[in-house]
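Chemist: Let me begin by handing over the structure; questions about it come next.
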Amino acid sequence: MGEYLAAGGAKVQVADTDPGIPEDVRKIIFDKYEVASRIPDVSQIGLGLAFCKMAVEAHSGTITIEDNHPNGSIFTVFTQK
């Protein structure tokens, strides 16, 4: 979902219905090389969300995460005008 904001800029949200991300992991999920949980036989290097954060902040925006009740997460990106 996306929308233009009256004050300028935009808001984009991506939601999923996976199990969600625990509160303690949310503090590190945007750090390089961090992953929420290891999946056997799957290569995970933990750069996806770190790259997203770097790209968003390079354009003076912010990215956040919150619960998507009853399951999942909502990632929200705000951009400036």
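No value in this document is a laboratory result; all are computed from the given coordinates. Quantities reported herein were computed from a predicted structural model and do not represent experimental measurements. In this analysis, Cβ positions are derived from the backbone assuming ideal geometry, glycine residues included, and neighbour counts consider all displayed protein chains.
Chemist: Over the range 2-79, what relative contact order in percent results from Cα pairs under 8 Å that are six or more residues apart?
Modeler: For the range 2-79, the relative contact order is 40 percent.
Chemist: A further question on this structure: How much of the calculated P(r) for the chain lies past 15 Å, in percent of all Cα pairs?
Modeler: Roughly 63 percent, once rounded to a whole number.
Chemist: For Tyr4 and Glu34, FRET efficiency with R0 = 35 Å and r from the beta-carbon atoms, rounded to 0.05?
Modeler: For R0 = 35 Å, the calculated efficiency reads 0.60.
Chemist: Right, next: Using only Cα atoms and rounding to the nearest 10 degrees, what angle (0 to 90) does helix 48-58 make with the longest principal axis of the chain?
Modeler: It is inclined by approximately 20 degrees.
Chemist: A further question follows. Add -39500 (n - 2.57) for each DSSP H run of 4 or more in the chain, then divide by its residues: what number comes out at 222 nm, to the nearest 500 deg cm²/dmol?
Modeler: The helix-only estimate for the chain comes to -5000 deg cm²/dmol at 222 nm.
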